[in-house]
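**Student:** Here it is, the structure in full.
The values are calculated or read from the model by the stated rules, or taken from the named source; none is laboratory data. Model, not experiment: these values are computed from the prediction. Virtual Cβ from ideal backbone geometry, glycine too; neighbours counted across all protein chains shown. The accessibility values were calculated without ligands, DNA or RNA, using every heavy atom of the protein model including side chains. Shrake-Rupley method; radii C 1.70, N 1.55, O 1.52, S 1.80 Å.
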Amino acid sequence: MEPTISTEKAIENIAKLTQNIERVIKGKSEMIRFILTALLAKGHILIEDNPGTGKTVMAKTLAKSISSATGAKEDVAQFHRIQFTPDLLPMDLLGSHIFDDINKEFIFKKGPLFTNILLADEINRASPKVQSALLECMAENQITIGELTHVLQDVFFTIATQNPVETEGTYPLPVAQLDRFSMKIVFGYVDEDTELEIYNNYLGISNNLESTEQVLSMAELQHLQAETENVFIDEEIVKAVRNIVQHTRRHSDVTLGASTRSGISFLKCLKAFALVNGRTYVMEDDIQQLTVPVLDHRMIYRNKDGKSNALRNILKTEMDRLHKVKKD
Amino acid sequence: MQIPVLHSKKKRNAQLLLLALPTALVMGYVVYVSDKWLSVFEQPWELQTISFILGMATALFVFAHRLRFVTLTALLLLLFAIIKAMAQWVQPQEFDAFFFLVKANNYLLLFFVGWLAGFGFSRNRFFSAIWSIFLLAIVGLVSAFTIEPKTINIIGSIAPVLLYSLYIIYTSELIRNMNPDQQGFGWFVTRRLGGFLLAAGLIGIAVFFFLRSDIEYIEKTWEKRSQTPKEDDRQGSLTRNDGMGTATNPSMGLQGFNNRANKDSLVFVAKLDHFFADGVTPNPLYFVSDYYTYFDTLTQTFETDTLRPYNDLYQPDLTTMPLYFNGEDTSVLRQTMAVRNTITVTAEIYKKSLSPRYFIAPSTAFFVQPISVPPENKDIYKSAYRTKMEVSDLNSAYFVYNPAGDIGLSEFQEQRFSLLRQVEDYQLAPEDFMAYYTKMPRGTDYDSIGLLANNIIEKAGATAPVDKIIAIRDYFLATDSMGQPTYKYSDNPGIPGIPSANKLCYFLFQNKRGYCAYYAGATLFLLRSLGIPSRIATGFLTVDRSSKNPGWYWFYEDQAHAWVQAWFPGFGWLDFDTTVPSTESQEAPQPDQTPPLTSQKAWLVANGSIISVDTLAGTLRMMAKQMLYWDNPYELIPTQNLPLDFSMATILKDTGVVDKSNLLPGIDIVAVSFSEQFKNLPPKENEPWISLLKRMPKPLPIDEIKIIAPVSEDKAQAKGSGLAGFSWKKAAGYILLTLFVLGIILLLVPISVFSWYVFKAKRTSPIRQKAYYTYMASMLYLHQLGYKKTDRTPLQFAKEEIDPRFQTHFERFAAVYQKIKYSRQTLTASEEAVIFSQQNEFLTSVKKQLTLKKRFISFLNPATTIEFFTEPNILGSSFQKQR
């Protein structure tokens, strides 16, 4: 399958978007690619790290790159941010019925969930019922309150952040709910040089976040998501995904392996990741880079040793097989 | 309660089918061959194998569950103990607890071995190796004792277990690593095993095909060697190779028959010139091969004393003696201290399956002369000798026989006993002689024997030594109130071998059944406790069955015997046999056969070495050292050069007839002539040998030449590795050559695989496959040189390691390869160019940057190549403890 005009346009757009974000978020190009991958795969992403590593800025920049004051209303991505706390209630998210004094009736006041890009900050601080309400919406893309069903936006992308589970005052997300996230990435601190650059940036030489411009319209974003479906994925790659997923269920250090849903999610992400990297076909490197972000959070390990090694060993085995495969 | 399962059903079935079944088969084989050797295994081997299988199957089932080994085994042993206690508790009156126990022990032992095997296969990774070594050791030991040392036999006996060992180690590992969820495991295993068997078969065929001539050669050398046995293998197993196939060891009487003695197997024939006063009735004598004089308290067994004090046993080595030359040792006669009633008797012995070097004769022999077997009988009898002995005229097989109701025999014996009653005590006997032959160990066991002896003679009221002996004999012959004999003859009293002290006590006081060695051993203790000097003699029991050929006796394997000799001052050693007659068919039913023709008279015998041979004319010249003429010996000093005519002669080597080409200058021979010419040429009184030789016809007509193996060569062979050095060198050479070739092949593996990829990359035209071969060639090359991809993708590998290291464009190629491999897009011209140029550009660039030495050494390591093609273990490391 030869790349078409629209594919080339898509690759161009994605490159533009990446560059735009990279101007603000320094030294995180890999993470940016992962987030865009989750966006293009119509999934959601969970970022796990300590406070202050740039998670929120990341989300904001992404939102701003798609939305702006200029442009038509429906072409602008809405961005909401919710700070999760233990006393947050589901209706704080979903919205509630409020009595309209003028019309003498209850009207539905939409909550912050009705948006395009949602930053759910510190998701593991909220109580389980709030978490489940959010995750329900993420899966179904709609909200049902009473008799009414409210459909969310076509483009609904959640960037959830959570502090490492060990931190006090958290409600760890169960694996069943973690499964709803396409990927989980660990942001991590930046290196020395990048950190200096960030400080200089803060000191006012130029505030990049403020000056971020919209580079993509919502239509273009939706086109990108549609284009992702057209990325070519070879039979051998599909087999490799199958093998990896199956291996996780058999490995002696893994108590809960990856589900079939995660396999499908894996394939979607692979396609998106290829596009993000400017390709119209999936190759070995994509599997190598995505296996851990896509599968790791969906599995339960027997011990620490398993957590740090099992998936890597499975991946290594499969990659070693894959690179020697002869195709006719 | 549900016991957690450790192995899945599939795995357990695989264990049963692939491990337990072959193990059971091989164990059956091992038990079967052990039966040939060890008489402990006297039960049917099928039942024993079943016992083993039961043990193994139980263990495999039990240990497939999460159960403890120590606890269960302790319980099992407790069960065994209870079974045995029960058996002892149910008393042995009509239920023979002892026999039951021997059997039970045997089956329980095999069950337990099976239990251990099952546990090992189920749980222990290295068990298969230990188990293989164990079985190989058993089979090796058993074959060492039972089979003839022929290559084919050795291979035949070891090969099944060896093959099994390889199989079991391989298969147990296969099963250990099996994944129960894997589909088509059966087919996978079948394929693997099929390949394994094919490889084993091919190796086997190859060994036979390529090494056949060498095997034959080694076998020949082996045979030659074993025909001249060394000095120290006199004692040994019951049957062993003695040069002419299996030969009977005459000490077997003491070891017990154990149903193995072949009634129909003739051992030797003897003509004994010993008759009663009437000169017609033959008077048979027992044939002695050795004496057991010493009881070793440490091992609790009878032994032949290595020091042999008061030695009266004549032991010439017949193979080193030239034909017709005499050997004599009269010192043995002095040691017997026999002065009364002695006569000199001659005998001729024709050996069939007795070792050619072996000497056997009635006591007390002092003279031997090897003679040639008449040509008509050469196919049956391998060698022969004439012997003389001084025997007491009191000694007779009839005299030592149990009369067992025969009145004539009793009377005959009574006459002789009366003569012996003159001996009242041993006061005149030498003190140290008495001390040696009445030596008796101390201990409760022996004291109880002494007590029994005193009871016996008190009851009989015997005072003279001979009466005491008769009382003991009668004790063994006594019957109980029911008329049943108290002591019975049994070939199989449960415990085989030379009876030890506690076995003898068990025999005397409880079991009361045994074979000759039991009676001899028990009698010896009884006699010695009474102060009568005595010893055990082993050899052959003589049975007079022939009226046609008086004086000729036939000795079959089941006539091997052990009995007691007691010493009487003046009379010397006399045979006494206390063995009770067998109620079963102990009498040998075989008829006596036609005796061999009497040897011709050898008029001339010359001994010396060959100087020259003319095979065509049939003449040779020998340097003679000694000569026998009309039985008169002549020492030829200086040695004489004699011409011989051997055109009509038979050439003998060892005991077989060989070709004339075996006569070579330098070897030692004995030339024998039966020619009538010499008969008419009697030597004159005191005629010197010089004048005798002058009168003889030239060349001397010779009828038989015996080649004597040169002693020096023999010693050299003994010093060497046991076989002729040449064949070992050749074998070692082949092994080295094979190893060398294998090594070269191994070393060439990396470069061959690499070259193959390069070749394919050049020759293949579809771009996709060309890219594949080019990629594999590059990756293998880098891997071989130590640049390993590890857990990176090819692109990462190229970008992070190879390109920075070699300043190449490997990443570009890797990217194009990924594209061609995983997308359906056609390549651009420049991308195609990347693939075409990769081979030369990249490899030459890498080559330039590495020294030849490094490349050469790296490419000699096949392990790296194997590593390249090995899939990493999903569990990370190669070994992970199984939970």
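**Student:** What would the Debye formula give as log10 I(q)/I(0) at q = 0.13, 0.30 Å⁻¹ for the alpha-carbon point model of the range A:271-328, no solvent?
**Tutor:** -0.42, -1.18
**Student:** What ³J(HN,Hα) values, in whole Hz, does the Karplus curve 6.51 cos²θ - 1.76 cosθ + 1.60 give for the range B:414-425 when θ = phi - 60°, with x put for Gly and Pro?
**Tutor:** Along the range B:414-425, the couplings run 4, 4, 6, 4, 4, 5, 6, 5, 4, 7, 9, 8 Hz.
**Student:** On average, how much area does the Cα convex hull of the range A:25-180 cover when viewed from any direction, in nm²?
**Tutor:** Averaging across all directions leaves 11.0 nm² for the Cα convex hull.
**Student:** Rounded to whole Å and ordered largest first, report the semi-axes of the equivalent ellipsoid of the protein assembly as shown derived from its Cα gyration tensor (root of 5λ).
**Tutor:** Equivalent ellipsoid semi-axes, largest first: 101, 42, 21 Å.
**Student:** Give the percent of DSSP beta bridges with both residues in the range A:82-147 that are antiparallel, rounded to the nearest 5.
**Tutor:** For the range A:82-147, the DSSP antiparallel bridge percentage is about 75.
**Student:** Determine the calculated [θ] at 222 nm for chain A from helices alone, applying -39500 (n - 2.57) to every DSSP H run no shorter than 4 residues and normalising by the residue count; nearest 500 deg cm²/dmol.
**Tutor:** When only DSSP H runs of four or more count, the value is -14500 deg cm²/dmol.
**Student:** Turning to a different aspect of this structure: Please state, to two decimals, what the Cα-based radius of gyration of the range B:296-363 comes to when divided by 2.2 N^0.38 Å (N = residues).
**Tutor:** 1.39
**Student:** Continuing with this model, one more query. Need the C-alpha centroid separation for the range A:262-328 versus the range B:772-789, integer Å.
**Tutor:** Rounded to whole Å, the Cα centres lie 23 Å apart.
**Student:** Which order do you get for B:809, B:783, A:80 if you rank them by accessible area with a 1.4 Å probe, largest at the top?
**Tutor:** Largest accessible area first, the residues go B:809, A:80, B:783.
**Student:** At a Cα cut-off below 20 Å, give the lysines reachable from residue A:110, other chains included and same-chain residues fewer than 8 away excluded.
**Tutor:** Correct list for residue A:110: A:73, A:129.
**Student:** Please sort by residue number the trypsin sites (Lys or Arg not before Pro) in the range A:84-114 whose DSSP state is loop and whose Cβ has at most 15 other Cβ atoms within 10 Å.
**Tutor:** Filter output for the range A:84-114: A:104.
**Student:** Per-residue Cβ counts within 10 Å, from other chains only, averaged over A:274-287: what number is that?
**Tutor:** 4
**Student:** Calculate one ³J(HN,Hα) per residue across the range B:690-700 by plugging θ = phi - 60° into the Karplus curve 6.51 cos²θ - 1.76 cosθ + 1.60, and present them in order as whole Hz with x for glycine and proline.
**Tutor:** Taking θ as phi minus 60°, the curve returns 5, 6, 4, 4, 5, 6, 6, x, 10, x, 6 Hz for the range B:690-700.
**Student:** Relative contact order for chain A using alpha-carbon pairs under 8 Å, separation at least 6, rounded to a whole percent?
**Tutor:** 24
**Student:** State the answer as a single residue: which of A:133, A:103, A:258 lies farthest towards the positive end of the charge dipole of chain A, with beta carbon charges of +1 for Lys and Arg and -1 for Asp and Glu, about the Cα centre.
**Tutor:** Working it through, the farthest residue towards the positive pole turns out to be A:258.
**Student:** Let me ask something else about it. How long is the range B:257-371 along each principal axis, judged by its Cα atoms, biggest number first, in Å?
**Tutor:** 49, 40, 34
**Student:** Once R0 is set to 56 Å, what does the formula 1/(1 + (r/R0)^6) return for the Cβ-Cβ distance between residue B:211 and residue B:805, expressed as a FRET efficiency to the nearest 0.05?
**Tutor:** 0.65
**Student:** Now a separate question. Rounded to the nearest 20 debye, what is the charge dipole size of the protein assembly as shown about its Cα centre when +1 sits on each Lys and Arg Cβ and -1 on each Asp and Glu Cβ?
**Tutor:** Taking the Cα centre of the protein assembly as shown as origin, the dipole is about 2840 debye.
**Student:** Modelling each spin label as a point 7 Å along the Cα-to-Cβ direction, I'd like the residue B:664/residue B:433 distance in nm, to one decimal.
**Tutor:** Result: 5.2 nm between the two label points.
**Student:** Quick check: the distance between the Cα centres of the range B:361-376 and the range A:96-159, to the nearest angstrom?
**Tutor:** So the two Cα centres are separated by 121 Å.
**Student:** Quick one: of B:788/B:821; B:352/B:660; A:304/A:326; A:64/B:799; B:799/B:848; A:268/A:326, which pairs are farther than 31 Å apart, Cα to Cα?
**Tutor:** A:304/A:326; A:64/B:799
**Student:** Principal axis extents for chain A, Cα atoms only, whole Å, descending order, please.
**Tutor:** 73, 43, 42 Å, listed from the longest principal axis down.
**Student:** Looking at chain A, which longest stretch skips every one of the GluC sites (Glu not before Pro) that is in a DSSP loop with at most 15 other Cβ atoms within 10 Å, leaving the sites themselves out?
**Tutor:** A:1-146
**Student:** Specify the angular offset, from 0 to 90 degrees and rounded to the nearest 10, of the alpha carbon long axis of helix A:55-66 from the longest principal axis of the alpha carbons in chain A.
**Tutor:** With rounding to tens, the tilt is 80 degrees.
**Student:** Let me ask something else. For the pair residue B:474/residue B:676, report the inter-label distance in nm, with labels modelled 7 Å from Cα in the Cβ direction.
**Tutor:** Taking the simple label geometry, residue B:474 and residue B:676 are separated by 6.4 nm.
**Student:** Return the distance in nm (one decimal) between the two label points of a simple spin-label model at residue B:25 and residue A:50, each offset 7 Å from Cα along Cα→Cβ.
**Tutor:** Between residue B:25 and residue A:50, the label points sit 6.7 nm apart.
**Student:** Compare B:623, B:86, B:648 by solvent-accessible area with a 1.4 Å probe and give them largest first, with all protein chains kept in place.
**Tutor:** Result, largest first: B:648, B:86, B:623.
**Student:** A further question on this structure: To the nearest 10 square angstrom, how much accessible area does residue B:668 have with a 1.4 angstrom probe?
**Tutor:** 50
**Student:** Follow-up question, since we're still on this one. Whose amide H sits under 5 Å from the amide H of residue B:650, counting only residues 5 or more places off or on another chain, with H placed in the peptide plane?
**Tutor:** B:704, B:705
**Student:** Can you give the direction-averaged projected area of the convex hull of the alpha-carbon atoms in the range B:275-332, in nm²?
**Tutor:** With every direction weighted equally, the projected area is 7.1 nm².
**Student:** Using a cut-off of 19 Å between alpha-carbon atoms, which lysines can reach residue B:601, once sequence neighbours fewer than 8 places away in the same chain are excluded?
**Tutor:** Once the sequence-local lysines are set aside, what remains near residue B:601 is B:271, B:378, B:382, B:388, B:679, B:684, B:706.
**Student:** Of A:26/A:271; B:625/B:694; A:184/A:307, which ones are farther than 23 Å apart at the Cα?
**Tutor:** Distance filter (> 23 Å) returns A:26/A:271.
**Student:** Hey, another quick one. List the lysines whose Cα sits under 18 Å from the Cα of residue B:11, skipping any in the same chain fewer than 8 residues away.
**Tutor:** Within reach: B:881.
**Student:** Just name one of B:363, B:430, B:395: the one whose Cα is farthest towards the positive end of the charge dipole of the range B:362-469 (beta-carbon charges, Lys/Arg +1, Asp/Glu -1).
**Tutor:** Final value for the positive-end residue is B:363.
**Student:** A further question on this structure: Run the paramagnetic zone check for residue B:74: 7 angstrom along Cα to Cβ, then residues of the range B:106-148 with backbone nitrogen under 12 Å.
**Tutor:** Inside the label zone: nothing.
**Student:** Next question, about the same structure. Of A:216, B:413, B:380, whose Cα points farthest to the positive end of the dipole of the protein assembly as shown (charges on the beta-carbon: +1 Lys, Arg; -1 Asp, Glu; origin at the Cα centre)?
**Tutor:** Value: A:216.
**Student:** At q = 0.14, 0.17 Å⁻¹, work out log10 I(q)/I(0) for the range A:216-304 with the Debye formula, treating every Cα as an identical point scatterer and leaving solvent out; two decimals please.
**Tutor:** Summing over Cα pairs of the range A:216-304 leads to -0.53, -0.72.
**Student:** Please give the Cα centre distance for the range B:644-684 versus the range B:1-33, rounded to the nearest Å.
**Tutor:** Going from one Cα centre to the other spans 66 Å.
**Student:** What net charge is computed for the residues neighbouring residue B:786, neighbours being all others with C-beta under 13 Å from the C-beta of residue B:786, Lys and Arg scored +1, Asp and Glu -1?
**Tutor:** Net local charge, residue B:786 excluded: +3.
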